[in-house]
1. Mind checking which helices (runs of 4 or more DSSP H) fall wholly inside segment 279-354 and carry at least 2 residues that are over 26 Å from residue 365 (Cβ atoms) and at pLDDT below 90?
2. Failed condition for residue 225, given (1) open to solvent by less than 30 Å² (accessible area, probe 1.4 Å); (2) closer than 27 Å to residue 60 by Cβ; (3) among the β-branched types (Val, Ile, Thr), with all others met?
3. Let me spell it out: the conditions are (1) out of contact with any Lys or Arg (no Cβ under 9 Å at 6 or more places or on another chain); (2) over 16 Å from residue 168 (Cα atoms); (3) open to solvent by 10 Å² or more (accessible area, probe 1.4 Å), and residue 125 meets all of them except one. Which number is the exception?
4. Being assigned to a loop (DSSP other than H, G, I, E, B) and charged (D, E, K, R) narrows it down to one of 195, 185, so name that one.
5. Would you call residue 220 within 30 Å of residue 134 (Cα to Cα), open to solvent by less than 50 Å² (accessible area, probe 1.4 Å), among the hydroxyl-bearing types (Ser, Thr, Tyr) and in a helix (DSSP H, G or I)?
6. Which residues, taken from segment 235-245, are open to solvent by less than 10 Å² (accessible area, probe 1.4 Å) and closer than 25 Å to residue 366 by Cα?
7. Within segment 71-110, which residues are open to solvent by less than 20 Å² (accessible area, probe 1.4 Å) and without any contact (Cβ under 8 Å) to a residue 60 or more places away in the chain?
Amino acid sequence: MSDNYSKEDFEKIFNEKYEEKVPDFENHINIALIGKVSAGKSSLLNAIFECTRDNPIAKVGANSGVTTKVTPYKLDEQVLIIDCPGLDDVRKENSKETETFLESIDLGIFVVTGSADASQKANFEDLKNSSKKPIVVLNKIDEWDDLEESAYNSVIEQWKSVLGIDKIFGTCTKGFDPKLRKGARMDIRGVEEVREEIFNFLKTEKKEILLAKHLKSKESYAIGIIGTAIVAVAGEAFIPGSAAYITATQVVAITSLNYLYKGEVLSKSSALSLLPTFAGQSLGTTAFLWAKSFLPPTFVLDIAAAGIAVAITFAMLASVKWMFENEHSLNDKELLKQAFNKFTKISEELKDIKPEDLRDKKSVLMLLGRILTKNR
């Protein structure tokens, strides 16, 4: 080991970067879902979580106005969603849980339908003043499908004016009613944009994974974890002592994937103990990365190290994702090795990525999605 870079240096940097990057799995999320009866709040909630008609989070009734009072959805001990016509209804509950909820509303989703209604201004102002991030959704936009586009645009502008906002999301969440005939198609529109807005906000609070673990389809979020790690290690390969930075990024990503799929917190030491399984399958490249991290910055070597770091990190995290998706335990080291070897070969599809290409994270995620979908 280099005279200028000791084992203690590695551990210090690794621990610092790990603590800086790892999500706070003990945090809490409170979401207020506000809107008049029959606004389609339950259907919207199901659509946000990508539920199927047969496996909803929120019950949708055939008769309008099924949810007429405060309805809590406690997804786990850390995630609480309250569906109600207004926050005053929550205040009337006067329970310890609702009091705590009202003191710390992270996200307020205000759901409206039809023509602009000035009477809802007060309810929205209450929500806006009580939550960190208010989002307004115009649901049931299918009622404008047979009209000129200008009619829909006019309603959007009217709602913006009435509520005093500059952004509103139009959605259709039709098809969650359990009494619909089996052949009836679902019509889900605009929900992806709402979901993205929600997760972008929760990311700023470092809470997004707490909600993501409740998504029925975890594919896109898992690809996001892998993509974020790949972009990070590509840059970290240029930092002196890069091995510590790269290792921290890989361990945090493994921990995050474990929480996403299993709903359990994997300890730092348990995640670290997996790395020798991967290192043993790529001794030459791992040794190069380790040795290179002790050398002064050299552009040619750094470029090579970035490519290797991207390939190894992809293979490592893709194999962990595959294990979870197929309900295998990470303790099955032989199967984990086989998966890693498979994804190491697949990682050759990433060899032509240039460092500048990795600056566009959206393009990276699209590429990963194509590669992983093709090689399932």
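1. Working: elements: 283-292, 299-325, 333-346.
Here the list reads 283-292, 299-325.
2. (2)
3. Answer for residue 125: the failing condition is (2).
4. Working: 195 fails: assigned to a loop (DSSP other than H, G, I, E, B).
Testing whether each residue is assigned to a loop (DSSP other than H, G, I, E, B) and charged (D, E, K, R) leaves just 185.
5. Working: within 30 Å of residue 134 (Cα to Cα): yes; open to solvent by less than 50 Å² (accessible area, probe 1.4 Å): no; among the hydroxyl-bearing types (Ser, Thr, Tyr): yes; in a helix (DSSP H, G or I): yes.
No, not satisfied.
6. 237
7. Going through segment 71-110, the residues open to solvent by less than 20 Å² (accessible area, probe 1.4 Å) turn out to be 79-84, 86-87, 90, 98, 101, 105-110.
Of everything in segment 71-110, those that are open to solvent by less than 20 Å² (accessible area, probe 1.4 Å) and without any contact (Cβ under 8 Å) to a residue 60 or more places away in the chain turn out to be 80, 81, 82, 83, 84, 86, 87, 90, 98.
Conditions (1) free of Cβ contacts under 8 Å to residues at least 40 places away in the same chain; (2) closer than 23 Å to residue 81 by Cβ; (3) open to solvent by less than 50 Å² (accessible area, probe 1.4 Å), marked per residue:
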| site | (1), (2), (3) |
| --- | --- |
| 136 | yes, yes, yes |
| 144 | yes, no, yes |
| 155 | no, no, yes |
| 174 | no, yes, no |
| 177 | no, yes, yes |
| 181 | yes, no, no |
| 184 | yes, no, yes |
| 201 | no, yes, yes |
| 216 | no, yes, no |
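The values are calculated or read from the model by the stated rules, or taken from the named source; none is laboratory data. Predicted, not measured: the structure shown is a model, and the values here were computed from it. Positions of Cβ are generated from backbone atoms using ideal geometry, with glycine treated the same way; all protein chains shown enter the neighbour counts. We work out accessible area using only protein heavy atoms, side chains counted, and drop any ligands, DNA or RNA first. Shrake-Rupley method; radii C 1.70, N 1.55, O 1.52, S 1.80 Å.
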